[in-house]
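Here the structure is laid out as structure tokens; the discussion comes afterwards.
The values are calculated or read from the model by the stated rules, or taken from the named source; none is laboratory data. Note that the structure is predicted; figures quoted are calculated from it, not measured. Don't worry about glycine lacking a Cβ; one is built from the backbone with ideal geometry, like all the others, and counts go over all protein chains shown. These accessible areas exclude ligands, DNA and RNA; they are computed on the full protein's heavy atoms, side chains included. Shrake-Rupley method; radii C 1.70, N 1.55, O 1.52, S 1.80 Å.
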Amino acid sequence: MPKVEAPVEKWRGRVQEVRLGGDGRKQVTVGGESTLPFLHFDGEIPHRPVIAAEVLDMPPADWAENVVSAWGDALKSPAAWAKKAAQLGADLIFLRLASAHPEQGNTSGAQAAKTVSQVMEATDLPLIVVGPDVAEKDNEVIVAVAEAARGQRLALGTVTDKNYRTIVATAMAGGHAVVAQAPMDMNLSKQLNILCCDVGLPKDSLVMDPTTGALGYGMEYALSVFERLRLAALQGDAMTAMPILCHAGYESWRQKEAKAVEGVPVSWGDQKVRSLLWEQMTALTLLQSGAEIMVLRHPRSMDVVRGVIDRLMARQGPVS
Amino acid sequence: MALTAIEIYKYLPKTNCKDCGFPTCLAFAMKLAQKGAELSACKHVSEEAKSALEAASRPPIRLVTIGKDGRKVEVGNEVAMFRHEKTFYHQPGLLLRVKDSAAPDKVAQEMAAVASYKVERVGMQLSWNGLAIQNDGGDKAAFLAAVKLAQAHPELALVLMSDDPDTMAAALGDPAVAGRLPLIYAATEANWQKMAALAKQHKCPLAVRAGGLDALATLTEQVAAAGIEDIVVDPGARDFGDSLNALTQIRRLALKKSFRPLGYPVITFPGEKASSQEEEVLLATQHIARYAGVIVLDHFSPAMAYPLLTERLNIYTDPQKPLQMQAGVYPFGKPDPASPLLVTTNFSLTYFSVSSEIESSGFPTWLMVVDTEGQSVLTSWASGKFDAEKISKAAKNFKVEEKIGHRSLVIPGAVAVLRGELEGEFPEWKIMVGPREAVGIGPFLKQNWAR
């Protein structure tokens with residue numbers, strides 16, 4: 001009988017651990033793995049990947065009807081929304097300050113600080129807070145949020161290569177972490193990490209957003225970027241070793257395959273089933289490529305994906 | 001794993017006779033290692049050395065074919081752990097399992113649904129590969145009846161599932177069934193001699209099932225020694241965690257350790273441990289991305305088939321040859337002759353970024369896609385595949401002036417430099433420079449076309 005020896009890879013590196021959340025409140029730590037996703041025979045996986053619920057500070061204008069109805073009245077206030085997400089088992093809240101966009105209300109830094117305080121009263125989950133992706137407004141609202149939530153160790157964003165100094169400095173001053181986004185290229189992600197660390201940001205205060213493509217919309221590019229970042233980290237490159245954040249919810253739900261109820265081929269099948277699978281399959285594929293923080297939209301997807309993570313984290317004894 | 005020149009050299013006569021056309025045996029060995037020569041050029045190599053060399057140059061994962069034509073499943077012969085290292089070559093077969101204990105009219109219906117399903121994506125027709133028929137209650141007559149129903153769909157790939165060699169023999173006794181070259185599932189420790197004999201007699205591929213990799217490797221060696229080459233393996237792992245670990249180990253053993261006893265495609269059954277249909281689809285998703293060759297599901301509906309076929313297409317896209325969109329003028333949201341006209345390249349990722357921003361902006365829009373051989377905006381501009389001449393030629397080919405009433409063209413912000421050139425090519429047109437990033441398209445349309 002041939003004795004099969006488990007083909008273990010000896011990795012030199014390890015994913016950077018990042019802790020989020022404040023004193024006396026729930027905390028979440030991600031990263032720390034010394035192996036590829038869920039390969040328990042190969043190394044250690046000290047922390048499971050986590051699920052963040054995407055919450056907006058205003059009722060979403062263009063979300064699919066089945067997501068809107070699943071959240072119901074909670075969508076009317078970010079505090080109620082976050083509270084419901086916590087009840088549904090989210091590990092984190094991903095709060096998007098959409099109303100600060102110049103064309104969505106142009107709300108102020110003071111308003112942003114107030115919103116974040118309300119959300120923190122409603123739930124003790126750790127928060128990721130990002131601006132409306134308009135550089136000046138991002139800086140304005142994130143500076144105010146960082147002040148208001150001093151000591152709560154939020155992850156603040158979105159940091160890009162064109163706009164990183166203010167948010168990084170603010171995060172450092174307030175003891176927060178940042179989310180750094182680069183456009184789907186391993187080297188650009190690494191470059192941005194270096195820029196952030198060069199101005200003094202500690203390595204344990206950085207989460208990478210290497211940009212997500214949804215199923216059918218560039219998912220395979222995101223997959224390969226995630227995998228290459230993770231392989232480089234395990235081979236010992238500390239500047240690619242930050243935990244990865246993935247926008248499976250946002251990217252999936254803006255595609256026709258998730259949204260369209262009519263005017264699509266019969267062969268696409270029932271929209272309610274198809275749309276949820278679109279989000280869940282994007283999430284699972286990218287979790288298995290290296291994502292540690294999975295941002296999702298639909299409560300049912302949060303539930304199903306969490307169940308699958310449970311089963312991937314369970315060690316079922318040796319296979320050989 | 002390919003042999004090095006030195007390893008090959010050991011098997012050669014080392015006489016430097018030059019009959020092969022090379023000055024020395026070592027030079028010949030080096031050519032062989034680079035696949036620049038054939039071993040048959042050496043007339044003096046011993047039979048023993050020949051078979052050793054042939055065995056060593058076999059692909060690390062055997063290529064196995066299930067079925068004949070139509071939707072046959074051809075899997076194995078993979079060379080990479082990760083798609084960016086090279087590519088994943090042979091898409092896993094997606095099959096639906098039907099059980100012979102179910103009502104025959106329901107079975108017939110399910111078979112017809114699988115056979116008739118078609119969906120189009122990026123210009124390709126995608127479909128389900130086939131059926132697995134399970135002998136569920138151990139009743140031979142029921143199995144034969146279910147197999148007979150599948151004869152209505154001869155184009156589908158077939159897996160016959162019974163652990164009873166007599167039942168399997170009876171099904172294969174029909175030459176029309178055996179002639180489809182179905183996968184025989186499965187040889188186990190208890191029945192492998194009889195199953196191997198059937199596979200040999202009917203020249204069909206054979207699945208081998210055992211619990212754990214040790215037992216599996218033992219069994220494949222026995223089956224291989226009995227003369228069966230086309231083997232598909234089932235390590236018995238059924239849940240998310242254990243199947244990810246088992247399939248990864250099998251792939252690594254084959255590719256990195258040249259471990260022959262597990263150098264075969266893997267068959268999986270994602271429905272067996274799933275607690276919902278969503279979980280079944282997600283486990284199939286994992287199997288597509290992580291190393292399965294044949295995936296047998298227990299449910300089928302268009303709403304799950306379409307995303308799974310899309311997943312398979314994504315994972316098996318060659319990273320060196322990105323998917324290209326067909327060039328043309330694409331309408332979004334019922335545009336009329338007054339709607340804006342944008343231009344971009346046919347790199348699929350560029351197209352998807354642009355089209356999804358147009359889609360979510362809600363603006364009726366025309367998008368002209370120019371054939372840039374699958375390159376992105378800046379790359380194709382830099383290599384001369386996306387210039388004023390190409391764009392104006394495309395506009396003429398697609399008869400843009402007949403579709404559109406106005407004379408404004410929006411070009412990507414990244415190639416603003418093309419504006420001057422384009423104004424030369426299109427003297428009566430107004431060339432507008434759009435945003436640099438796709439994400440700016442919504443606001444740009446709103447600003448310039450809001451009514």
* **Those residues of segment B:166-198 which are in a helix (DSSP H, G or I), touching a Gly at 6+ places or on another chain (Cβ under 9 Å) and closer than 30 Å to A:Val4 by Cα, in sequence order** => B:Ala196
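Which of the residues belonging to segment B:156-195 are without any contact (Cβ under 8 Å) to a residue 40 or more places away in the chain and either crowded, with 24+ Cβ neighbours inside 10 Å or touching a Phe, Trp or Tyr at 6+ places or on another chain (Cβ under 7 Å) (or both)?
Within segment B:156-195, B:Leu160, B:Ser162, B:Thr167, B:Met168, B:Ala171, B:Ile184, B:Ala187, B:Met195 meet the criteria.
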* Checking B:Ala237 against (1) at the interface with another protein chain (Cβ under 8 Å from one of its Cβ atoms); (2) under 25 Å from A:Arg48 (Cβ atoms); (3) assigned to a helix (DSSP H, G or I); (4) of a type outside the set (Lys, Arg), which test does it fail? -> (3)
* A:Ala74 vs. criteria free of Cβ contacts under 8 Å to residues at least 60 places away in the same chain, open to solvent by 20 Å² or more (accessible area, probe 1.4 Å) and over 20 Å from the mean Cα position of the chain (by Cα) -> no
* Selected residue (only one of A:Thr166, A:Thr240, A:Thr160 is open to solvent by 10 Å² or more (accessible area, probe 1.4 Å), farther than 30 Å from A:Val68 by Cβ and out of contact with any Cys (no Cβ under 9 Å at 6 or more places or on another chain)) -> A:Thr166
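Given the options A:Arg311, A:Arg254, name the one that is open to solvent by 20 Å² or more (accessible area, probe 1.4 Å), at the interface with chain B (Cβ under 7 Å from one of its Cβ atoms) and more than 27 Å from B:Lys321 (Cα to Cα).
Among A:Arg311, A:Arg254, only A:Arg311 is open to solvent by 20 Å² or more (accessible area, probe 1.4 Å), at the interface with chain B (Cβ under 7 Å from one of its Cβ atoms) and more than 27 Å from B:Lys321 (Cα to Cα).
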* Structure fact -> When (1) part of a loop (DSSP other than H, G, I, E, B); (2) in contact with a helix residue (DSSP H, G or I) (Cβ under 8 Å, 6 or more places away or on another chain) are applied to B:Val281, the one that fails is (1)
* Structure fact -> Reported set for segment B:89-108 where residues are touching a residue at least 24 places away in the same chain (Cβ under 8 Å) and either open to solvent by less than 10 Å² (accessible area, probe 1.4 Å) or basic (Lys, Arg) (or both) is B:Pro92, B:Gly93, B:Leu94, B:Leu95, B:Leu96, B:Arg97, B:Val98, B:Lys99, B:Val107
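Each row is one residue, and each column tells you yes or no for (1) at pLDDT 95 or above; (2) under 21 Å from A:Leu39 (Cβ atoms); (3) more than 7 Å from every other protein chain (Cβ to nearest Cβ).
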| residue | (1), (2), (3) |
| --- | --- |
| A:Gly249 | yes, no, yes |
| A:Arg274 | yes, no, no |
| A:Leu286 | yes, yes, yes |
| A:Arg300 | yes, no, yes |
| A:Arg306 | yes, yes, yes |
* The one condition in (1) modelled with pLDDT of 95 or more; (2) out of contact with any strand residue (DSSP E or B) (no Cβ under 9 Å at 6 or more places or on another chain) that B:Leu149 fails to fulfil -> (2)
* Asked: Does segment B:280-295 contain any residue that is touching a His at 6+ places or on another chain (Cβ under 9 Å) and facing another protein chain (nearest Cβ under 8 Å)?
  -> yes
* To do: Check off (1) open to solvent by 30 Å² or more (accessible area, probe 1.4 Å); (2) in contact with a Gly (Cβ under 8 Å, 6 or more places away or on another chain); (3) free of Cβ contacts under 8 Å to residues at least 60 places away in the same chain for B:Phe398 and give me the number that stays unchecked.
  => (3)
* Structure fact -> Of those in segment B:206-218 that are at the interface with another protein chain (Cβ under 10 Å from one of its Cβ atoms) and hydrophobic (A, V, I, L, M, F, W, C), the residue surrounded by the fewest Cβ atoms within 10 Å (Cβ to Cβ) is B:Ala215
* Asked: Among the residues of segment B:366-388, is any over 25 Å from A:Gly218 (Cβ atoms) and outside any loop (DSSP other than H, G, I, E, B)?
  -> yes
* Quick one: A:Glu262 ticks every box in (1) open to solvent by less than 30 Å² (accessible area, probe 1.4 Å); (2) charged (D, E, K, R); (3) free of Cβ contacts under 8 Å to residues at least 12 places away in the same chain except a single one, so which number is it? => (1)
* Asked: Name the pairs whose Cβ atoms lie under 6 Å apart, with the first residue in segment A:34-57 and over 15 Å from A:Arg315 (Cα atoms) and more than 12 Å from chain B (Cβ to nearest Cβ), the second of a type in the set (Val, Ile, Thr) and open to solvent by 10 Å² or more (accessible area, probe 1.4 Å), and 6 or more positions between them or separate chains?
  -> A:Val50/A:Val28
* Structure fact -> Of (1) outside any helix (DSSP H, G or I); (2) open to solvent by 20 Å² or more (accessible area, probe 1.4 Å); (3) more than 9 Å from chain A (Cβ to nearest Cβ), B:Gly271 fails just (2)
* To do: Could you pull out the residue among B:Tyr316, B:Tyr351 that is under 29 Å from B:Ala207 (Cβ atoms) and aromatic (Phe, Trp, Tyr)?
  => B:Tyr316
* Given (1) open to solvent by less than 40 Å² (accessible area, probe 1.4 Å); (2) touching a residue at least 12 places away in the same chain (Cβ under 8 Å); (3) within 14 Å of chain A (Cβ to nearest Cβ); (4) hydrophobic (A, V, I, L, M, F, W, C), where does B:Met124 come up short, assuming only one miss? -> (1)
* Does any residue of segment B:10-24 turn out to be surrounded by fewer than 18 Cβ atoms within 10 Å (Cβ to Cβ) and of a type in the set (Asp, Glu)? -> yes
* With respect to B:Glu280, determine if the residue is more than 22 Å from A:Ala6 (Cβ to Cβ) and in the same structural domain as B:Glu74 (by TED's automatic domain parsing). => yes
* Out of all the residues in segment B:198-205, is one or more closer than 29 Å to B:Asn314 by Cα, more than 14 Å from chain A (Cβ to nearest Cβ), open to solvent by 50 Å² or more (accessible area, probe 1.4 Å) and not charged (D, E, K, R)? -> no
* Go through (1) at pLDDT 95 or above; (2) open to solvent by less than 40 Å² (accessible area, probe 1.4 Å); (3) within 13 Å of chain B (Cβ to nearest Cβ) and name the single condition A:Arg228 misses. => (2)
* Structure fact -> Residue hits (segment A:23-39; assigned to a loop (DSSP other than H, G, I, E, B) and crowded, with 19+ Cβ neighbours inside 10 Å) are A:Gly31, A:Glu33, A:Thr35, A:Leu36, A:Pro37, A:Phe38, A:Leu39
* Looking at segment B:402-410, is at least one residue open to solvent by 50 Å² or more (accessible area, probe 1.4 Å) and over 21 Å from B:Leu445 (Cβ atoms)? -> yes
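Okay, residues lined up against (1) open to solvent by less than 10 Å² (accessible area, probe 1.4 Å); (2) within 11 Å of chain A (Cβ to nearest Cβ); (3) outside any helix (DSSP H, G or I):
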| position | (1), (2), (3) |
| --- | --- |
| B:Leu313 | no, yes, no |
| B:Asp318 | no, yes, yes |
| B:Asp336 | no, no, yes |
| B:Thr344 | yes, no, yes |
| B:Tyr351 | no, yes, no |
